[in-house]
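Here the structure comes first, spelled out in structure tokens, and everything after it is commentary.
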Amino acid sequence: MNLKFALAVLHFNVQYVAGGMTGFGVPNDDRTAEQVEDQIITESFEPVLDLFLAHPTWGHDVEMQGYMLELIAARHPAVLAKLQTLTGRGQLEVMSFHYSDQLFTAFPRAAWDWSVAKNRSVFLGSGVPLSGAVFCQEGQAGFGMAGAMKDNGYDVLVWPKNLFTYQLGEAEPELVYTFGERQMITSRDLHKSFGGDTVDVTWTFVDDGELLATGGQNPYFPTIFKKSEKAVKAYETKLTNLETNGYAISKVSTYVSALRGVLPTPPPAPPMLDGTWQPNSTDGIHKWLGGRGVFFRDERDNDVRSLQALAQRELTVATALTKRAGVVPAALDDAWRLLALGEVSDASGINPFRGEVEYGIAHAAEALRIAREVIATTKAQLGLTGGAWLDAIDGSATAGAPPSDPSGHVELPIAVTADAGERAVTLSATKLEDGHFLVVARVPAGTDADGSLSVRFPGSPGDVIYTPGLMNAPVHVKRDGLKFEHFYLALSDGLLGLGGGWTVVKDQASVHVAAKVTTANGDVTFADETAHGNEATEWRFHLVQGDDARAAKIARGLNVTPRVWR
């Protein structure tokens, strides 16, 4: 038997230009968010639907966030009808792992939990089936997704080929892997033989779907972001030629199902770290968490992401408190939606312009305002007129005195260093309890617009210890199995092992940039190349001595489910 499959994932992002272009001097146009969204739907998405309507034997996969489907249903009923036709006859599958195109691997799971639940309701309401296959915004992939997929009915993850080879080198991947209790494939062309059977798979397109029907144009240039008959015809011809040569133009789900009949039990996926689909060009996730883009003078990666982390903390507390009180106001759902939209990857990378940065900040700020208003209102309903301790785990509220500021500086327990160019960095440490220190890096405002700052924590070689996105506890990944020179990790709960019994935990509400790890040693560096030198900066880290369980408890109590005084 010779099985031949041609697969594709056309990844669409209606938040490609988050917030639109009005008022920001973007070249070529001055369009509102609605105009940009509509153009993405009609100029790049609808032509793909028309192509497959013309070829009813071809299967295909598109990926979009639930927000895009929501807009299609609300503003483009004819496009929705075409999508319903294609999905209804099983020809097209719509992958969707989040309501907004969030940088979900960078935050605690609560935001994604809200997002996936909202996503499910949008799909149910639109009459469009949700695919069991998964591909994500920016090609985000990580081992924490396996459990989340199981919990929410997803079956198979498409792991980006470049992320695979960046971490593991040029070793040829298997056709399919066991991925926890789910399965994983890579987006790489492969040829495999099994006894008398052969399997050939080729990927015809794994990229921004907006580029296919427009001949490579993107929505940042709306005057030329138009459907190209030539580009659509070229893709049609490519698929026709493959079909002539015996390839089934197929969906991912069909391909994986067919493999079950010819393959032995798939091996487990090799250990890998959280990442994105083009790690060579984006330096892993660094472009979204501290790395400069083209418009770096307008970027504010740490400001954007730390504000969102703070807003998520407050929403987590507010949600737990209101559930305990027995009344959950509708405003909280609005706030979670605003936060999900604000956490879109485009607010801090790859090359965000000022409008997208402000989109991320504005949505998070409003979510934070709502959360704090709900907390204040609920406290009043509970008869708490003064300050109280609120627990994000069980929603309990206990009147009490405010926390005291840590005092009594001690020597740094390990040799932490920092660099802010011409500005002086002050490093201080405070002992919070035995084996638990608060480390603060402070930089005064200067005159230079370049405010780059880095803080390095010395480590020892050994396993990379961190908590993958969508997981609740740290894992160990063997450093000597990784082929890169360096890699950047988002750290969903802020935790990263340093070896020798030490762990660093970043306080995400003050510093939420990526952590650089290397294969040569255990040192860890946090750097923000987008900070502004005319503003003072303060970053807070916790240094924890002890086992993984102790470090994870402190990280969760700080960044995931805090106990706060309000």
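Tabulated data for the structure shown
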read-out: Number of the exception - Ser281 against (1) in a loop (DSSP other than H, G, I, E, B); (2) surrounded by fewer than 17 Cβ atoms within 10 Å (Cβ to Cβ); (3) under 21 Å from the mean Cα position of the chain (by Cα); (4) at pLDDT below 95; value: (1)
read-out: Test: residue in the range 325-336 that is closer than 25 Å to His11 by Cβ and within 21 Å of the chain's Cα centre (by Cα); value: yes
read-out: Residue count, the range 154-205 (criterion: in contact (Cβ under 8 Å) with a residue 12 or more places away in the chain, in a loop (DSSP other than H, G, I, E, B) and of a type in the set (Asp, Glu)); value: 5
read-out: Whichever residue in the range 256-272 is in contact (Cβ under 8 Å) with a residue 24 or more places away in the chain and among the small types (Gly, Ala, Ser) and, among such residues, is surrounded by the most Cβ atoms within 10 Å (Cβ to Cβ); value: Ala269
read-out: Within the range 236-265, tally of residues that are over 14 Å from Thr198 (Cα atoms), at pLDDT 95 or above and assigned to a loop (DSSP other than H, G, I, E, B); value: 3
read-out: In the range 458-481, the residues that are touching a Leu at 6+ places or on another chain (Cβ under 6 Å) and either under 19 Å from Val416 (Cβ atoms) or basic (Lys, Arg) (or both); value: Gly459, Tyr466
read-out: Cross-chain or 6+ apart pairs with Cβ under 7 Å, the range 52-80 first and free of Cβ contacts under 8 Å to residues at least 60 places away in the same chain, then crowded, with 24+ Cβ neighbours inside 10 Å and part of a strand (DSSP E or B); value: Phe52/His60; Phe52/Leu92
read-out: Only listed residue being closer than 25 Å to Val517 by Cβ, outside the structural domain of Gly533 (by TED's automatic domain parsing) and buried (at least 23 other Cβ atoms within 10 Å of the Cβ), chosen from Trp288, Trp336; value: Trp288
read-out: Subset of the range 266-278 [touching a Ser or Thr at 6+ places or on another chain (Cβ under 9 Å), assigned to a loop (DSSP other than H, G, I, E, B) and within 21 Å of Tyr466 (Cβ to Cβ)]; value: Ala269, Asp274, Thr276, Trp277
read-out: Pairs where the first residue, in the range 227-255, is closer than 23 Å to Arg89 by Cβ and assigned by TED's automatic domain parsing to the domain that holds Glu46 and the second is among the charged types (D, E, K, R) and part of a helix (DSSP H, G or I), C-beta under 7 Å, 6+ apart; value: Ile249/Glu243
read-out: Lone qualifier among Val206, Val176 - being at pLDDT 95 or above, closer than 21 Å to Gln278 by Cβ and touching a strand residue (DSSP E or B) at 6+ places or on another chain (Cβ under 7 Å); value: Val206
read-out: From Ala415, Ala340, residue being over 30 Å from Gly500 (Cβ atoms) and within 33 Å of the chain's Cα centre (by Cα); value: Ala340
read-out: The range 193-213: number of residues that are small (Gly, Ala, Ser) and farther than 24 Å from Glu229 by Cβ; value: 3
read-out: Given (1) aliphatic (A, V, I, L, M); (2) out of contact with any Leu (no Cβ under 8 Å at 6 or more places or on another chain); (3) more than 30 Å from Gly533 (Cα to Cα); (4) outside any loop (DSSP other than H, G, I, E, B), number of the condition Val328 does not satisfy; value: (4)
read-out: Test: residue in the range 55-67 that is touching a Gly at 6+ places or on another chain (Cβ under 7 Å), among the β-branched types (Val, Ile, Thr), buried (at least 20 other Cβ atoms within 10 Å of the Cβ) and closer than 30 Å to Leu263 by Cα; value: yes
read-out: Residues satisfying the stated conditions in the range 529-552, i.e. among the aliphatic types (A, V, I, L, M), at pLDDT below 95 and not in a loop (DSSP other than H, G, I, E, B); value: none
read-out: Residues within the range 447-461 that are surrounded by fewer than 16 Cβ atoms within 10 Å (Cβ to Cβ) and touching a strand residue (DSSP E or B) at 6+ places or on another chain (Cβ under 6 Å), tallied; value: 1
read-out: Checklist (1) touching a His at 6+ places or on another chain (Cβ under 6 Å); (2) under 21 Å from Leu103 (Cα atoms) applied to Ala555, failing item; value: (1)
read-out: Selection count, the range 494-518, where residues are on the phi < 0 side of the Ramachandran plot and touching a Lys or Arg at 6+ places or on another chain (Cβ under 6 Å); value: 3
read-out: Residue within the range 519-532 that is under 30 Å from Leu321 (Cα atoms) and either outside the structural domain of Ala111 (by TED's automatic domain parsing) or among the small types (Gly, Ala, Ser) (or both) present; value: no
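Residues are listed down the side, and each one gets a yes or a no for (1) surrounded by 13 or more Cβ atoms within 10 Å (Cβ to Cβ); (2) under 30 Å from Trp277 (Cβ atoms); (3) of a type in the set (S, T, N, Q); (4) at pLDDT 95 or above:
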| position | (1), (2), (3), (4) |
| --- | --- |
| Asn351 | yes, yes, yes, no |
| Arg369 | yes, no, no, yes |
| Gly395 | yes, no, no, yes |
| Ala415 | no, no, no, yes |
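The values are calculated or read from the model by the stated rules, or taken from the named source; none is laboratory data. Since the model is a prediction, treat every value here as computed from it, not as a measurement. Quick reminder, even Gly has a Cβ in these numbers, built from the backbone with ideal geometry, and neighbours come from all protein chains shown.
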